[in-house]
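What follows is a short report on a single structure.
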Amino acid sequence: MLKIHPLLSHKIDTKEQMLMDFRESVRSYKAKSSCLEIGILKTKDDKVIGMFKDAIQEQNHSKIIKAEREKMQ
């Protein structure tokens, strides 16, 4: 969060502080799903959803294998 120097705090009104707080909350927002995930799920096409889930599982499996290899080295 952006901090205001105490000598300048008297120049910030409540509206400005609310705007700064809002900007900080937008900046720190992390989505639970990506645009790609949302778009695929909206299609309601079971085949496409299944392919997407398989790709995610394969990617996670590859990450696990890579981490295990790094531990061994």
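The values are calculated or read from the model by the stated rules, or taken from the named source; none is laboratory data. The model shown is predicted, which means the values in this text are computed figures rather than measured ones. Cβ coordinates were reconstructed from backbone atoms using ideal geometry, including for glycine residues, and neighbour counts include every protein chain displayed.
Selection over segment 58-73 of residues that are among the hydrophobic types (A, V, I, L, M, F, W, C) and under 23 Å from the mean Cα position of the chain (by Cα) gives a count of 2. For segment 14-44, the set of residues classified as over 17 Å from the mean Cα position of the chain (by Cα), at pLDDT 85 or above and either exposed (fewer than 10 other Cβ atoms within 10 Å of the Cβ) or of a type in the set (Gly, Ala, Ser) (or both) consists of Thr14, Lys15, listed by residue number. Going through segment 45-57 one residue at a time, which ones are surrounded by 10 or more Cβ atoms within 10 Å (Cβ to Cβ) and either part of a helix (DSSP H, G or I) or under 21 Å from the mean Cα position of the chain (by Cα) (or both)? Selection gives Val48, Ile49, Gly50, Met51, Phe52, Lys53, Asp54, Ala55, Ile56, Gln57. Considering segment 58-73, and only residues there that are more than 17 Å from Ser33 (Cβ to Cβ) and of a type in the set (S, T, N, Q), the residue that is surrounded by the fewest Cβ atoms within 10 Å (Cβ to Cβ) turns out to be Gln73. Look at segment 25-45: where a residue is without any contact (Cβ under 8 Å) to a residue 60 or more places away in the chain and of a type in the set (D, E, K, R) and a partner is surrounded by 10 or more Cβ atoms within 10 Å (Cβ to Cβ) and part of a helix (DSSP H, G or I), sitting 6+ places away or on another chain with Cβ atoms under 9 Å, you get Glu37/Phe52; Glu37/Ile56.
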